[in-house]
Amino acid sequence: MHLNPDHYLQTDAGRVFTIERNAAAWEQLYADLSAALLTDRRRIVMVIGVQGAGKSTWTQNQVSTSNDAIYVDSTFATANRRSNVIAIAKAAGVPISAVWLKVELETALRRNRNRPVDEIVPDAAVENVFKIFEPPSLSEGFREVVILGDAFDSIQQISDHRPGC
């Protein structure tokens with residue numbers, strides 16, 4: 001399963017973004033994740049990074065080759081933004097890991113410009129997320145934090161293997 005708030009912004013005419021539609025997309029994502037966890041006890045993998053980092057590409061590759069997790073994919077730039085999904089996982093008793101796709105700003109901007117027209121994010125928005133980005137940490141409630149580079153190569157893996165984590 002692959003959840004991304006952008007999926008809820010899709011229309012027959014392409015992706016349509018407004019502040020109201022974005023807020024509704026997040027609410028629908030939380031509702032769909034909560035509903036899925038009623039019957040699906042797989043772990044959750046939160047895929048994190050600036051726009052253009054390659055999150056959706058990496059996630060699609062994972063989903064197509066493995067059925068071991070529910071993937072939730074978005075920028076999740078701050079601990080506050082990540083907290084709702086972490087709380088949903090904890091309430092369901094499901095472990096959650098973070099995969100941070102860490103790329104240089106120039107890489108993200110270049111990739112963003114190569115997206116379909118309706119999916120391009122303004123450069124200023126990408127730059128803003130890059131500036132405010134807070135790296136994920138175990139202290140937020142993740143069982144594991146994996147950091148991948150721009151070629152999806154592993155940079156670092158941090159795990160918490162205490163009982164109940």
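Using C-alpha pairs below 8 Å separated by at least 6 residues, the relative contact order for the stretch 33-165 is 29 percent. A crude spin-label estimate for the pair Thr78 and Trp26, with each label 7 Å from Cα along the Cβ direction, gives 1.0 nm.
Once both labels are positioned 7 Å from their Cα atoms along Cα-to-Cβ, the gap between Arg110 and Thr11 label points is 3.4 nm. Placing a label point 7 Å from the Cα of Ser154 along the Cα-to-Cβ direction, the residues of the stretch 79-111 whose backbone N falls under 19 Å from that point are 96-103. Taken over the C-alpha atoms, the stretch 2-159 has Rg and Dmax values of 15.0, 43 angstrom.
Mind ordering 118-129, 42-53 by average Cβ neighbours within 10 Å, highest first?
Numbers: 118-129: 15.1, 42-53: 24.4.
Order by mean packing, descending: 42-53, 118-129.
Between beta-carbons, use under 15 Å as the cut-off and find the net charge around Thr107, counting Lys and Arg +1, Asp and Glu -1. Can you show the working numbers first?
Values: positive: Lys55, Lys102, Arg110, Arg111, Arg113, Arg115; negative: Glu104, Glu106, Asp123, Glu127, Asp150, Asp153.
So the environment of Thr107 carries a net charge of 0.
Laboratory data are not the source of any read-out in this text; all were calculated from the coordinates shown. Predicted model only: the values in this text are computed from it and were never measured. Neighbour counts run over all protein chains shown; Cβ positions are idealised from the backbone, glycine included.
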